[in-house]
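J.: Quick one: the structure is below, and I'll ask about it shortly.
No lab work stands behind these numbers, since they all come straight from the coordinates. Just so you know, these numbers come straight off a predicted model, no measurement behind them. Here the Cβ positions follow ideal geometry from the backbone for every residue, glycine too, while neighbour counts run over all protein chains shown.
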Amino acid sequence: MGDLKEAMRLFSQPEKSSLDSKTCGAILQLCAEFKALSDGKKVHDFVCGNGGEIDEFVCAKLVFMYVNCGDLEEGRRVFDTIENEKVFLWNLLISEYAKIGKYEESVGLFMRMRHLGVEADVYTLTCVLKCYGTLGRVVEGERVHGYLLKIGFGSNNSVVNSLIGFYFRCERPDSACKLFDILTDRDKITWNSMISGYVANGCARKALMVFVEMLSESVSVELAVMVNVLVAIGSLERLDLARAVHGYGIKGSLFSETNFANTLLDVYSKCGDMDGSIKIFRNMGQKNVVTYTALMGSYARGSLFIEAIKLFDDMKRDGIKPDVFTATSILHACACNGSLEIGKDVHRYIRESNMQLTLFASNALIDMYAKCGSMEDALTVFSEMPRTDIVSWNTMIGGYSKNRLPNEALDLFVKMQKDLKPDNVTISCVLPSCGSLSALDRGREIHSFVLKNGLSSDQFVMNALLDMYVKCGALVLARSLFSIMPDKNLVSWTVMIAGYGMHGFGREAVSTFSEMRRAGIKPDSASFISILYSCSHSGLLDEGWSLFNIMRNDCKIEPTLEHYTCMVDLLSRAGKLAKAYSFIKNMPINPDCFIWGVLLRGCRIHHDLKLVEKVAEHIFELEPENTEYYVLLANSYAEAEQWEEVKKLRQKIGLDGLKKERECSWIELKGKVHIFVAGDNGHPLAKNINILLKKLQENMKQQGKSLNMRYALINADEMQKEEAHCRHSEKLAMAFGILSSSPGKIIRITKNLRVCSDCHEMAKYISKVIGREIIVRDSYRFHHFKEGCCSCRG
């Protein structure tokens, strides 16, 4: 009668010793149904206490009771004591292990079952195929396929559906298709398995073909099928098909289903119809957290980040509690929009709501902080994560690289390798840091890692390597790598062209640009910036104008401010100052401070003090606190020996609290980066460095090579000026490189500001007298000093 309480009361009587196995089995069955584990254990204790062996019937009931009451471990212990031929018990355990994700245990039981000669049934086969599919064990699954054909289940609908699912999970869509084609008795599960399987394997077109075939055979379409069809349409970005399915869904009364409407909203967004997504959202009767999250994702996809952030507030106001997926979506919008404070508010909401952060959500938090420039907060999240993955490490390393913290990126890269093996993304993230530090030795070590681990086929990695060699001043190595790259895309060509430009090889840049066009690669806006930049740095006036006209007339690319800046630089370096000024005044877009600054430098080079003052007025209107241009103006006055004007500018800088960025230079030796700042005496070799520099300076004077003292910006005697000039950071780095590296080795130095004229002259002198090639990368370009000459040609 199902009265467990009364049954257990009677069971507790002293006379229970006479109970037979059938009665015990009946009570155990009732305990299993009511999940009464404690009562079941009492029965178990009783049958064990009677001394004799427990018969197979009671054992089977015990196993069922334990498993049904959630004590799988005890159920398995009892199961292992009997040689049971009942397939039901085997299925029970195989299924339970699969439910908790212990697929290895499930397939282990299946193998033991076959070894004992227990024949599988439909339930066994469908369950074990799911296990093998989840584990991705293709060979073992194919053996099960052979076994089920042998025992006569090859045409069983449920079994074949499981086989189709297995092959799709193992990324074998062709094998699944063959089974589908020979199956005559197809049910709704079969059709949905084919459509969802094709979608999961990236075969959206085939999924739609199956859907069309399904409709042609008049099979009634259920919600799950329609959702999968919409996902396929979204991946193909076919708005016409989305609208057709939308109409079909309305006719079939599916639009009222929230899951269908949510997916439809997302698909319209992926197809570029943001208005369609918003209309669906407004027309939906019942909205849930998925609805809001889907629209947020749609806004973010359409770069409408402010709207996505506003929707997050609307959602909370409407009483719908955001989940971790919502938080992840809104964090992405904050990251793309640079909305640090809002991102922090979302993080605070997550903590206050005790929201369980998934690994994916934690990575989204790191990404948001990194893209918003707050690496301290990113590190805090990273440090507090209970578990990290390759994405976590890559996001941190990439964040450090993009936020100009190259040392931190390289340090983290080393730490990462203690726990995880870097992948192609890691390499692409860390190589820019090597380029920032001009850490060629570290970059070459990473190149070796790329070759050893078969990553050289990845185009992102190869482009990052190419960029690293260019920025480390190893142009020969960059060109060698470029030559052997089998697949060169627009980025590859642009990096190489920009590299030639930075190093002063303008004609090689123009030749490479022409080679790119002959190879059928169409230049874009960025590649034209690179080639125009190259022309300006090499004084190729005619070539620059020709390319500027090709960009506008042949390639139909509208010039941006950066393109105009390149042309002003080109004219300024060539001494066409009046033409450059007129060019700026007639531009269709408003000039910024940088483009005026380019002309200001040109005026200083060509000693046009009158135009210098005129251009400076434009600059200080736009950026009155930019110290760089005050210094540039002061240099112009110093060259003209107008020391009163220099004094006024120095006083202005002091009175207004304007600070010039402190100059520093660095050099990598034996994997370690040595940093020098102007006037630095803190280095262990400082005494030897100063002695060497003074000796070189005296030799220059003896050979009639005077220093250009005007750049000291102080109207003092020659001794004071010499002392000031002897302590520039790039000179300190050069001297250290000479003292600390083997003869003949190239000295590679990076400076955060431009190289001054005096240091430029000394580098030329050192390269000739000591016979060492010196490569200096300043904030604007590379200078290759060799045998008394520089690649910039002055």
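J.: On a 32 Å Cα-Cα criterion, which of the cross-link pairs LYS35/LYS86; LYS5/LYS99; LYS522/LYS672; LYS102/LYS188; LYS206/LYS452 come out too long?
T.: Cα-Cα > 32 Å for LYS522/LYS672; LYS206/LYS452; rest within.
J.: Run the quick spin-label model on ILE746 and SER480: label points 7 Å from Cα toward the beta carbon, then report their separation in nm to one decimal.
T.: Each label point lies 7 Å from its Cα, and together they span 1.0 nm.
J.: Above 17 Å lies some portion of the pair distances; for the stretch 19-115, what is it as a whole percent of all C-alpha pairs?
T.: 48 percent
J.: Which order results if GLU562, GLU641 are arranged by neighbouring Cβ count within 10 Å, fewest first?
T.: GLU641, GLU562
J.: Here's a follow-up. As an exercise, take the mean of 1/r over every pair of distinct alpha carbons in the stretch 466-537, invert it, and state the Kirkwood radius in angstroms.
T.: About 11.8 Å for the stretch 466-537.
J.: Among the lysines, select those whose C-alpha is under 26 Å from the C-alpha of LYS279, and discard any that sit fewer than 8 residues away in the same chain.
T.: Of all the lysines, those that pass the test against LYS279 - Cα under 26 Å, at least 8 places apart if same chain - are LYS251, LYS270, LYS287, LYS310, LYS316, LYS321.
J.: Taking neighbour Cβ counts within 10 Å as the exposure measure, how do HIS784, HIS115 sort from fewest upward?
T.: Final ranking by Cβ density, sparse to dense: HIS115, HIS784.
J.: For the stretch 70-141, place one equal point scatterer on every Cα, skip the solvent, and apply the Debye formula. What is log10 of I(q)/I(0) at q = 0.14, 0.21, 0.25 Å⁻¹?
T.: Debye curve over Cα of the stretch 70-141, log10 I(q)/I(0) at q = 0.14, 0.21, 0.25 Å⁻¹: -0.39, -0.87, -1.21.
J.: Straight distance only, please: which aspartates and glutamates reach the Cα of LYS731 with their own Cα at less than 16 Å, same-chain residues fewer than 8 apart left out?
T.: By straight Cα distance, LYS731 reaches GLU663, GLU668, ASP680, GLU698, GLU722, GLU723, ASP758, GLU761, GLU773, ASP778.
J.: OK, next. Taking Cα pairs under 8 Å and at least six residues apart, what relative contact order does the chain come out at, in percent?
T.: It rounds to 4 percent for the chain.
J.: PRE reach from LEU149 (point 7 Å along Cα→Cβ): which of the stretch 176-218 fall under 16 Å by backbone N?
T.: Zone members listed by number: 176-184.
J.: What is the angle, in °, between the Cα long axis of helix 37-49 and the longest principal axis of the Cα atoms in the chain? Nearest 10 is fine, range 0 to 90.
T.: Between the helix axis and the principal axis of the chain, the angle is about 60 degrees.
J.: Considering only DSSP states other than H, G, I, E and B, which trypsin sites (Lys or Arg not before Pro) in the stretch 548-650 qualify as loop sites with at most 13 other Cβ atoms within 10 Å?
T.: Those satisfying the criteria are LYS556.
J.: Would the stretch 288-381 count as rounded, prolate or oblate if I go by the C-alpha gyration tensor, calling it rounded below 1.5 in a/c and otherwise prolate when a/b exceeds b/c, oblate otherwise?
T.: Verdict is oblate for the stretch 288-381.
J.: Give me the distance in nm between label points sitting 7 Å out from Cα along the Cα-to-Cβ direction at GLU384 and SER158, one decimal.
T.: Result: 4.9 nm between the two label points.
J.: How big is the gap, in Å, between the Cα center of the stretch 579-626 and the Cα center of the stretch 452-473?
T.: If you average the Cα positions of each part, the centres end up 38 Å apart.
J.: How many nm separate the modelled label positions at SER511 and GLU140, each set 7 Å beyond the Cα in the direction of the Cβ?
T.: Going from the SER511 label point to the GLU140 one covers 6.1 nm.
J.: Using a simple charge model, +1 on the beta-carbon of Lys and Arg, -1 on the beta-carbon of Asp and Glu, nothing else, what dipole does the chain show about its Cα centre, in debye to the nearest 20?
T.: Magnitude of the dipole: close to 2560 debye.
J.: Now for a separate question. Could you work out [θ]222 nm for the chain from helices alone, using -39500 (n - 2.57) per DSSP H run of at least four and dividing by all its residues? Round to the nearest 500 deg cm²/dmol.
T.: -21000 deg cm²/dmol
J.: Considering the zone a paramagnetic label at ILE550 would reach in this model (a point 7 Å from Cα along the Cα-to-Cβ line), which residues of the stretch 564-593 have amide N under 19 Å from it?
T.: 564-568, 570-571
J.: Among the listed pairs LYS576/LYS764; LYS556/LYS579; LYS471/LYS647, give every one whose C-alpha distance is greater than 26 Å.
T.: LYS576/LYS764; LYS471/LYS647
J.: As an exercise, identify the GluC sites (Glu not before Pro) in the stretch 2-110 lying in DSSP coil whose Cβ has no more than 15 other Cβ atoms within 10 Å.
T.: Answer in residue order: GLU53, GLU83, GLU85.
J.: Output the 0 to 90 degree angle, nearest 10, between the alpha-carbon long axis of helix 340-352 and the longest principal axis computed from the alpha carbons of the chain.
T.: Tilt of helix 340-352: around 30 degrees.
J.: log10 I(q)/I(0), Debye, Cα-only the chain, no solvent, q = 0.06, 0.07, 0.11 Å⁻¹?
T.: Summing over Cα pairs of the chain leads to -0.61, -0.77, -1.37.
J.: Additional query: Using only C-alpha positions, report the orientation-averaged shadow area of the convex hull of the stretch 563-679, nm², one decimal.
T.: Hull-based average projected area comes out at 9.7 nm².
J.: If you don't mind, another one. Please sort by residue number the trypsin sites (Lys or Arg not before Pro) in the stretch 339-394 whose DSSP state is loop and whose Cβ has at most 12 other Cβ atoms within 10 Å.
T.: When the trypsin sites (Lys or Arg not before Pro) of the stretch 339-394 are filtered for loop state and at most 12 Cβ neighbours within 10 Å, ARG387 remain.
J.: Quick check on the stretch 270-337: take the gyration tensor over C-alpha atoms, sort the square-rooted eigenvalues as a ≥ b ≥ c, and tell me if it's rounded (a/c under 1.5), prolate or oblate.
T.: Oblate, since a/c reaches 1.5 and b/c is not below a/b.
J.: How compact is the stretch 186-286 by the rule of thumb for globular proteins, expressed as Cα Rg over 2.2 N^0.38 Å?
T.: Rg over 2.2 N^0.38 Å, computed on Cα atoms: 1.01.
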